[in-house]
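Just so you know, all these numbers are worked out from the coordinates, no wet-lab data involved. Everything numeric in this text was worked out from a predicted model, so none of it was measured. Glycine also receives a Cβ, built like all others from the backbone with ideal geometry; neighbour counts cover every protein chain displayed.
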Amino acid sequence: MACPLRRSRANIAALLITLVATTSAHATILFTTASDFAGWSTGTSSAVPTTSYDADNISFNGVANPSPGTLSTPGSLQVNPPVAGTLGDAAFSSNLADNLPFMSAIDPGFTPGTTAAYTGTLLITYTIPTTASDFIFGLNLAYDADAFYDNLGPTLTSDPILIDGLTTRTALFNYSIQPGPLNTFYFRVAYNSSSPITSPFYLDAIQVPEPATLSLLLPIALLRRRR
């Protein structure tokens, strides 16, 4: 679904000048550098951190990193073609339940060992595999209180542009955290395609946007570093 918040390229350029700095200052980056994705494991695919694709040119670690805010190499997560099938979990993070900066960003009312009721928004930038048809990207926040199952589709998806030669979109996800005991929290991403996937796709710039700029952010999120 194309993003309904369409603007002309001239208007987007003007918005970039005033909003990029604000967005960078107030968004909470969860995963963005190659180092941020180093702890991820694979589902039905194989996945590795890489520097061959980078959507945002951010060179400091996200809050999910064991060394948040440290200067690091810009990069992304490369998800290689699944072994079989066109539906499944692509990759997932390490257990983040004890990562206080991450949990506080995604669930501000959280206390160690307990999730609080919360509704929030996430932005994820990803590429479309060159061999996929009707490719759909999804999210699953897996933790104790939701029985490790909360598959989410995007609420909005930006129009595609090319970054590093790859068709790229940003998806907005609305999510809800259920209250309860917390021992495990995985950030999982999933995919679906009507045709076999035989080429890699990439994930980058996973963040919690600042609410005041959210309505303007999605249409320009991919234009920060268009090339």
12 Å reach of a label modelled at residue 117, 7 Å along Cα-to-Cβ, counting backbone N of region 171-208: 177-180
In nm, to one decimal, how far is the residue 161 label point from the residue 195 one, both placed 7 Å along Cα→Cβ? 2.6 nm
Between residue 57 and residue 210, how high is the FRET efficiency from 1/(1 + (r/R0)^6) when r is the Cβ-Cβ distance and R₀ = 25 Å? Nearest 0.05. 0.85
